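Participant: Pasting a structure here, questions to come.
What follows draws every value from the coordinates through simple rules; no lab data is involved. This structure is a prediction, so every number in the text was calculated from the model and none was measured. Every residue, glycine as well, gets a Cβ built from its backbone with ideal geometry; the counts of neighbours run over all protein chains shown.
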Amino acid sequence: MTRNNVIGLDKQLPWHYSEDLRRFKKRTLNSCVVMGRLTWESMGSKALPNRRNIVISRFGVEGAEHHRSIEQALSTCLNEHVWIIGGGQIYRAALDYLTILDITYVPDVINDGNAIRFPNIDDQIWQASEPQNLDHSELVNIIYTRRPEHPPKSFT
Ligand SMILES: NC(=O)c1ccc[n+]([C@@H]2O[C@H](COP(=O)([O-])OP(=O)(O)OC[C@H]3O[C@@H](n4cnc5c(N)ncnc54)[C@H](OP(=O)(O)O)[C@@H]3O)[C@@H](O)[C@H]2O)c1
């Protein structure tokens, strides 16, 4: 996301950085990835290979495993490593259940009022790692972990 939390614009990712995509792939391979219906459609309604793809929609989705709520989806993944991969509505709905946020900041500046944003990251709840540059690029990765006094909410 950008420094002002923009993650999407006009139903797309407003940038393309191969370092970011490489990291995303490495982190999510062989895990379960959970996404909103609009993110699914923005990927051409095609599953990411070598991952269990789950789409969240109140109405259902053709051609994909889908659930009608985050809670329902998460309760089918109890023994799996799960990554919530967007978009804005789903990040917002899932934030209280998450244990880490693995965020890459891009240098782009986007001030469009219609942009989709990541929710505010409250530093009372989340402890930020030291920023790391990604593959010597301008991209900066920060991993946020929950402070022990703010455990994740139970979804069951
Ligand atoms: N930079 C990033 O990390 C990143 C990652 C992913 C996506 N994106 C971008 O984010 C944008 C899409 O995000 P978005 O917020 O517009 O949409 P989204 O979160 O991908 O999907 C929204 C849809 O998910 C379903 N949904 C949302 N909350 C729900 C809930 N609590 N219970 C049940 N279903 C729920 C609804 O589907 P139904 O209408 O079918 O019920 C809703 O229309 C795009 O621009 C995309 O490129 C960015």
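Participant: Where in the chain lies the longest segment free of GluC sites (Glu not before Pro) that are both loop residues by DSSP (not H, G, I, E, B) and have at most 15 other Cβ atoms within 10 Å?
Facilitator: Free of exposed loop sites, the longest segment is 1-61.
Participant: Same structure, new question: Only loop residues by DSSP count here, and only those with at most 14 other Cβ atoms within 10 Å; note down the trypsin sites (Lys or Arg not before Pro) in region 84-156 that meet that.
Facilitator: 153
Participant: Two decimals is fine: what is log10 I(q)/I(0) at q = 0.16, 0.18, 0.22, 0.27 Å⁻¹ for region 1-84, from a Debye sum with one equal scatterer on every Cα and no solvent?
Facilitator: Listed by q, the Debye log ratios stand at -0.68, -0.85, -1.19, -1.41.
Participant: Among 125, 84, 116, whose mean-square fluctuation peaks in a Gaussian network model of the chain (Cα, cutoff 10 Å)?
Facilitator: Evaluated over the chain, the most mobile residue of the options is 125.
Participant: Further question on the same structure: Using the Cα atoms of the chain to build a convex hull, what is its mean projected area in square nanometres?
Facilitator: Averaged projected area of the chain's Cα convex hull equals 9.5 nm².
Participant: Looking at the chain, what % of its DSSP beta bridges pair antiparallel, to the nearest 5?
Facilitator: 55
Participant: Further, regarding this structure: Suppose only helical runs count, i.e. DSSP H with n ≥ 4. What mean residue ellipticity at 222 nm does that imply for the chain under -39500 (n - 2.57) per run, divided by all residues and rounded to the nearest 500 deg cm²/dmol?
Facilitator: So the helix-based figure for the chain works out to -4500 deg cm²/dmol.
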